[in-house]
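Heads up, the thing below is written out as structure tokens.
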Amino acid sequence: MLEKLQIVKQRFDEVSDLIIQPDIITDQKRYVALNKEYKDLRLLMDKREEYIEFIDNLKEAEEIISNSSDPEMIEMAKMQYDEAKEGIPKLDDAIRVMLIPKDPEDSKNAVVELRAGTGGDEASIFAGDLYRMYTKYCESRGWKVDTVDYSEGTNGGFKEIQFEVTGDDVYGILKFEAGVHRVQRVPQTETQGRVHTSAATCMVFPEAEEFDVEINPKDVRIDFFCSSGPGGQSVNTTYSAVRLTHEPTGLVAQCQDQKSQHKNKEKAFKVLRSRLYEMELAKKNAADAEKRGSMVSSGDRSAKIRTYNYSQGRVTDHRIGLTLYDLQNIMNGDIQKILDELMLAENTEKLKASDEHI
């Protein structure tokens, strides 16, 4: 392990030197990437120091136990020895996980899109419930949620809603939510008391920076229209809403959340860039998942990933066979325990793959 950490230290020293070079500071894309790498490596350097301390303590304790005649010193050395012996394997496991190569996309912000699927009005209501669940979860993490576009359901909820999430490592965490979410419950609109199954699709895109995707303005058709929904007279009477159509791919992005046409256009371009970026990423992820046989974050939008059963108060994540009887708290945004299990499953897969590679 120390040999591996020595290689990391060499890279850390190199990055520490690079981020103060004037030519790097002026290259925004490179500077941002190196700064992120520096922060990640700094965490590993802290673990390296901890690891070296354990090794030194172990050697020192062994020496005292072998050579000392003082019973008190030997007793203290045995305690030090046991502590190091117990700590090294745990630290070893933690470092192995930290050494797994990170996806550069994971540190990005995210654009999340929820769409009502099968189930009519009830599917729209469920999409609204999922939106509430995610906004509450994001608030608990200190992330900022900003609506981009939405279309309300006839009986509440949303036919579709799109929002940006800004914070630390947002995409790396929320990407696990992509797929089909299914709900089993008696709908508000049901008079006979029968349980219905409805669905909503969640899509999660890493938010692309301008330097990630270059869009030729000639390829984009821009349409302005009046916003719908709440917001007072100005929203419905001025052409502030913006729809962008990327003609080479047919991708559409629109924004009607802001009163300013300029702000809506800026937001719509952000979404368009993210969608184009995600198209390329989806191809790469599909190839990677095929190689690994990964079920955790294959990004298949048609895959049913989770069921929320109201009569049993149960939530089941089908990818890892996890069932929790805590539906009320989960719907109130307490989804961290599900995400932790999904991240653990993905890291286990990645560790297996890296061990096979070695």
Fill in: Pairs where the first residue, in the stretch 105-119, is touching a residue at least 60 places away in the same chain (Cβ under 8 Å) and part of a strand (DSSP E or B) and the second is among the charged types (D, E, K, R) and buried (at least 20 other Cβ atoms within 10 Å of the Cβ), C-beta under 7 Å, 6+ apart
Ala110/Glu207; Val111/Glu164; Val111/Glu207
Item to complete: Scan the stretch 4-19 and report the pairs whose first residue is in the same structural domain as Asp46 (by TED's automatic domain parsing) and whose second residue is of a type in the set (S, T, N, Q), with Cβ atoms within less than 7 Å and a gap of 6+ or a chain change.
Response: Ile19/Asn35
Worksheet, complete the sentence: If you go through Val296, Val252, the only one that is modelled with pLDDT under 75 and closer than 21 Å to Thr201 by Cβ is Val296
Discussion item. Please go through (1) modelled with pLDDT under 85; (2) under 30 Å from Tyr310 (Cβ atoms) for Val213 and return the number of the only condition it doesn't satisfy.
Written reply: (2)
Response to the item:
Scanning the stretch 249-265 for residues that are assigned to a loop (DSSP other than H, G, I, E, B) and either under 25 Å from the mean Cα position of the chain (by Cα) or surrounded by 23 or more Cβ atoms within 10 Å (Cβ to Cβ) (or both) gives Gln256, Asp257
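Is it the case that some residue within the stretch 91-105 is in contact with a strand residue (DSSP E or B) (Cβ under 8 Å, 6 or more places away or on another chain) and not hydrophobic (A, V, I, L, M, F, W, C)?
yes
Which ones in the stretch 15-27 are part of a helix (DSSP H, G or I) and surrounded by fewer than 12 Cβ atoms within 10 Å (Cβ to Cβ)?
Answer for the stretch 15-27, where residues must be part of a helix (DSSP H, G or I) and surrounded by fewer than 12 Cβ atoms within 10 Å (Cβ to Cβ): Asp17, Pro22, Asp23, Thr26.
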Worksheet entry | Unmet criterion (only one of (1) over 25 Å from Val242 (Cα atoms); (2) under 15 Å from the mean Cα position of the chain (by Cα)) for Gln192 | (2)
Discussion item. If Ile88 meets every condition in (1) in contact with a Leu (Cβ under 8 Å, 6 or more places away or on another chain); (2) over 21 Å from Ala208 (Cα atoms); (3) in the same structural domain as Val252 (by TED's automatic domain parsing) apart from one, which number is that one?
Written reply: (3)
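Condition first: among the small types (Gly, Ala, Ser) and more than 28 Å from the chain's Cα centre (by Cα). Can you find one or more residues in the stretch 41-61 that meet it? Give the derivation first.
As a first pass, look at the stretch 41-61 and keep what is among the small types (Gly, Ala, Ser): 61.
Still in the running and more than 28 Å from the chain's Cα centre (by Cα): 61.
Looking through the stretch 41-61, at least one residue is among the small types (Gly, Ala, Ser) and more than 28 Å from the chain's Cα centre (by Cα).
The values are calculated or read from the model by the stated rules, or taken from the named source; none is laboratory data. Not measured: the values here are computed from a predicted model. Quick reminder, even Gly has a Cβ in these numbers, built from the backbone with ideal geometry, and neighbours come from all protein chains shown.
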